[in-house]
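Down below is the structure, laid out as structure tokens.
The values are calculated or read from the model by the stated rules, or taken from the named source; none is laboratory data. All figures in this text were calculated on a predicted structure; none of them were measured in a lab. Heads up, the Cβs are rebuilt from the backbone with ideal geometry, glycines too, and the neighbour counts pull from every protein chain shown. Heavy atoms of the whole protein, side chains included, go into the accessibility calculation; ligands, DNA and RNA do not. Shrake-Rupley method; radii C 1.70, N 1.55, O 1.52, S 1.80 Å.
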Amino acid sequence: MTGAAEVGRGLVARVRAFPRRLYEDLWASPVDPLPAPGRPGAPVWRPVFGLLLTLGAATVALLHVSDLVPPGAGIPPYTVLLVVLQAVALIAGMSRPLYAWWASLVLLLVSVRLTEPVLPGLAPFPSVSDIVAQSGALFLLALRVAPRRAVTALVVSLLAGTLAATASTTQAHDHVLDLACLAVIAAGGLGVALRTLRVARARLVEQSELTAEERARRTLLEERNRIARELHDVVAHHMSVISIQAQVAPHLVQNPSDELRENLAGIRTSAVEALTELRRVLGVLRSEDTSADGARHAPQPTLDRLDELVGTVRDAGLDVTATTTGARTPLPPGVGLSAYRIAQEALSNVMRHAPGARARVEVGYHTAAVTVRVVNSAPLTPAAPAAGAGHGLLGMHERAAMLGGDLVHGTIPGGGYEVVATLPLEDPS
């Protein structure tokens, strides 16, 4: 009994909500906006579609006049008004499809009642013009509302048109209600199908954009992860040096005081704890690293190994030279590592994207910064299409930004390309 009571209450609630839902579906709820330019389904066809609608409205008008006016007879005034209003409603359906459908439905009912007594006995009833006008208005509505709302409007059109055409007829007619119903159903179904296709395409494009944004975000995180692994190596090395120096320092002083021993022991303890935490972080960062063990634990390179890098790239087939300006000075570990990686990635890009080009690496030591410039000539042959989106420029930008530096890149006269990184020697903060 409890289950039956709940079903009954649910049915009563649906019945009570039906008028409100019907009001919202057929009047209050807004229709889909026209797609913005450049989006899927954008109305680039709007002028053409408007012209077609105008021609369709004119055709409806001509059909209506030919149905209602026998040869040699005058045109009744209400006929002109109905023709104009039906044409306007059909054209207005492009921008206001819901109101245009209502107007077309009202005009259909008025037209059926007014024209039924004067239609020739063998003329199709309802008239072809009324059927075309209502089908067109319903089609335009179905393009811009949810399928449930379109089906509701279709049912209302069928019921209203059938009742108007069958009630109080004054003479025999060639009733074409079956064909009229098929035409209206076909128009509504076509509109629903086209809207469903447009919505699916729009969602596909949105999903593709989200996927591209997620891919770019994942690429950025991967590059930052890679940079963090390398810089953690540098920091861990220095923490190890601090720990060793703190342990050795008491033996370099004659009769060190207890206070000095205690401070140095505290420094060593803090360094060892920090080193332990760094190793844990490195373990997490490298948990998915596929590099060889030897490469994992090798010292991180700096600009001191630039000549070795240039030699390796030259052996790989790239015509490359390197020049250095300014007095070489020791670089902070992070700056030296980032400068080397930027030069390495830029040369890799030359090999991938500029086959046969000549490259030049220029390193400049300045008072407050070090600059790395990698420039290449135009490629001799077109590069093979890349298999996927590269991380090179993104990684170089991240390394420069991390140090408060700047990186610019772009084409140069003659078809070549250059990458210029400026890395400050001091922390800008």
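Fully extended, how many nm does the chain gain between residue 88 and residue 118 (0.36 nm per residue separation, minus their Cα-Cα distance)?
Gain on stretching residue 88 to residue 118: 8.4 nm.
7 Å from Cα along Cα→Cβ at both residue 270 and residue 11: what's the point-to-point distance in nm?
8.0 nm
Pop a pseudo-label 7 angstrom from the Cα along the beta-carbon direction at both residue 348 and residue 260 and give the gap in nm to one decimal.
Computed distance between label sites residue 348 and residue 260 equals 4.9 nm.
Taking only protein heavy atoms and a 1.4 Å probe, what accessible area per residue, in Å², does region 314-428 have with all protein chains in place?
51 Å²
Once you sort the root eigenvalues of the Cα gyration tensor of region 128-167 as a ≥ b ≥ c, which label holds: rounded (a/c under 1.5), prolate (a/b larger than b/c) or oblate (the other case)?
It is oblate, given that a/c is not under 1.5 and a/b is not larger than b/c.
So, for region 79-171, what is the accessible surface per residue at a probe of 1.4 Å, expressed in square angstrom?
40 Å²
Once phi is turned into θ = phi - 60°, what whole-Hz ³J(HN,Hα) does the Karplus curve with 6.51, -1.76 and 1.60 give for every residue of region 147-160, x standing for Gly and Pro?
Once rounded to whole Hz, the list reads x, 4, 5, 5, 5, 4, 5, 4, 4, 4, 4, 5, 5, 5.
Tell me the volume per residue, in Å³, of the convex hull enclosing the alpha carbons of region 303-429.
Numbers: hull volume 13.1 nm³, N = 127.
Cα-based convex hull of region 303-429, divided per residue, equals 103 Å³.
Work out, step by step, the length gained on full extension between residue 365 and residue 190: first 0.36 nm times the residue separation, then minus their alpha carbon distance; give nm to one decimal.
Numbers: separation 175, 0.36 × 175 = 63.00 nm, distance 7.05 nm.
Answer, rounded to one decimal: 55.9 nm.
Based on the mean of other Cβ atoms within 10 Å per residue, sort peptides 140-150, 201-211 so the most packed one is first.
Going by the mean number of other Cβ atoms within 10 Å, highest first, we get 140-150, 201-211.
If each of residue 207 and residue 251 carries a label point 7 Å out from its Cα toward its Cβ, how far apart are those two points in nm?
Going from the residue 207 label point to the residue 251 one covers 6.7 nm.
Round to the nearest 0.05 the FRET efficiency obtained for residue 393 and residue 327 when R0 = 25 Å and r is the Cβ-Cβ distance. Don't skip to the answer; put the middle values down first.
Working: r = 30 Å, r/R0 = 1.21.
Step by step, r from the Cβ atoms, then E = 0.25.
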